[in-house]
Amino acid sequence: MPHESNALIAQLRGTLTQRRYNPEVVHHYCRSARRFLSHLAERKIDLEAVTPVDVSNYLRITIRRFRTRHGYPPSWSRTTFLRTGIHALLRLALNRWPLEFATTDAGELLCRKVCDEYERWLSVERGLAASGISILMWEARHFCIWYIKRSATVSFTRLNVHDVDAYMDMRAPGLTRQSLKRVAVALRSLLKHLHRTGQTTANLAPHVVAPLLYAYEGIPSALSSDQVATVLEFAGKDRSPMGLRDFAILQLLATYGLRAGEVRHLRLGDVDWRRETLCINHSKTGARSLLPLLEPVGEALLGYLRHGRPQTDVREIFVRSRAPYGPMVSIYKAVRKRIEAAGVTPCGKRGSHSFRHARAVSLLRASVPRKVIGDVLGHRSTASTIPYLKLATEDLRAVALEVPAREV
């Protein structure tokens with residue numbers, strides 16, 4: 001057993017080193033893993049039989065021992081190293097962690113079955129994008145679990161309008177009208193599927209009451225040109241690897257008005273340095289655009305690729321700043337952090353879309369045709385560009401007619 005443990009720890013150390021983890025992090029992870037293996041050996045628990053409960057029990061025992069010995073609880077970083085090191089060991093040894101254990105609860109089995117069939121229907125028959133499916137599936141799982149607990153039955157046959165209204169009433173507090181509208185749309189989609197597959201006797205989708213939204217009733221939030229310049233100026237002063245990465249992301253957002261997913265999925269092969277072009281795969285429409293690689297963007301990308309991007313085999317340009325160096329999952333936090341660091345306070349959203357809206361305003365003020373603006377932003381229809389026309393409020397004031405004074 002000790003020989004097997006030593007071999008496993010050596011394999012873990014080699015894997016972490018190969019993924020370019022910091023040597024100090026590798027040391028802490030391996031130490032945590034070795035102590036956990038000793039704990040399992042003392043209690044005669046096979047590594048293949050480890051459950052999340054076993055891990056939680058070990059963490060609780062270790063934290064209690066530390067508190068007894070030192071008189072205070074372990075620090076957050078120490079606890080994180082302890083937990084993450086164990087998880088790294090289990091992912092290496094078991095290939096997948098946390099494990100999905102079979103359940104015997106009839107209600108949970110029904111929820112899983114319905115949701116699995118629903119997900120296949122959304123993907124195969126309706127052909128929805130993965131991002132859209134993810135949003136619909138969250139609401140579907142939430143509703144199924146809620147209804148099974150509420151009705152105390154293992155069937156959807158008794159689902160009625162009162163249950164649908166009760167669910168919407170439960171979801172409504174704290175949501176805006178637009179968010180509640182999304183909930184209603186997702187619920188209608190699920191109810192159609194339940195009726196289509198015979199889970200419900202009636203189609204309850206038309207009975208989902210949602211707030212009425214008017215086309216173009218709101219004004220999209222956008223940064224002003226001065227605010228964009230301020231954010232870029234402050235971000236450009238950070239020459240750390242993370243700073244170079246964030247600055248390149250902001251340059252792409254500010255120059256082309258790209259969506260967050262289009263930036264995250266940008267690959268090394270999408271940049272043609274000889275022809276000075278940039279190929280964009282529009283995540284929402286599936287279309288491809290070939291844009292000129294402007295000098296500020298090119299310089300920012302080169303700075304990151306040469307001095308900021310860690311060595312990794314992934315083809316995406318933007319990767320995590322900490323090991324394992326995989327593609328970025330989200331750029332929202334990075335963008336928001338840079339906006340706040342620059343002291344800019346937007347009136348609305350603080351993510352990548354504020355730069356997209358700002359770019360639309362700049363193109364409108366440059367008298368660029370709406371069709372061209374739509375092409376740059378990756379819109380499938382010119383109607384999608386109409387909401388951005390409301391952003392140029394100063395231009396609208398310039399052509400506003402004077403209201404004649406009332407004669408007394």
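Below are the figures for this structure:
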item: Some residue of the stretch 195-204 being over 28 Å from the mean Cα position of the chain (by Cα) and either charged (D, E, K, R) or in a helix (DSSP H, G or I) (or both); result: yes
item: One residue from Leu305, Leu252 being among the hydrophobic types (A, V, I, L, M, F, W, C) and free of Cβ contacts under 8 Å to residues at least 40 places away in the same chain; result: Leu305
item: Test: residue in the stretch 301-318 that is crowded, with 20+ Cβ neighbours inside 10 Å and of a type in the set (Lys, Arg); result: yes
item: Residue match in the stretch 124-132 (condition: touching a residue at least 60 places away in the same chain (Cβ under 8 Å) and under 26 Å from the mean Cα position of the chain (by Cα)); result: yes
item: Elements of type helices (runs of 4 or more DSSP H) in the stretch 213-314, at least 1 residues being assigned by TED's automatic domain parsing to the domain that holds Ile373 and of a type in the set (Ser, Thr, Tyr); result: 225-236, 241-256, 295-307
item: Count of the stretch 133-154 residues which are among the small types (Gly, Ala, Ser) and surrounded by 14 or more Cβ atoms within 10 Å (Cβ to Cβ); result: 2
item: Condition check for Leu293: in contact with a strand residue (DSSP E or B) (Cβ under 9 Å, 6 or more places away or on another chain) and under 22 Å from Ile373 (Cα atoms); result: yes
item: Odd one out for Ile63, checked against (1) at pLDDT 90 or above; (2) under 20 Å from Arg96 (Cα atoms); (3) within 34 Å of the chain's Cα centre (by Cα); (4) not aromatic (Phe, Trp, Tyr); result: (2)
item: Failed condition for Arg288, given (1) surrounded by 15 or more Cβ atoms within 10 Å (Cβ to Cβ); (2) in contact with a Cys (Cβ under 7 Å, 6 or more places away or on another chain); (3) not β-branched (Val, Ile, Thr); result: (1)
item: Of all residues making up the stretch 326-341, the number that are under 14 Å from Thr230 (Cα atoms), among the aliphatic types (A, V, I, L, M) and crowded, with 19+ Cβ neighbours inside 10 Å; result: 2
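The values are calculated or read from the model by the stated rules, or taken from the named source; none is laboratory data. In this text the structure is predicted, and so the values were computed from the model without any measurement. Note that each Cβ is placed from the backbone with ideal geometry, even for glycine, and that neighbours are counted across all protein chains shown.
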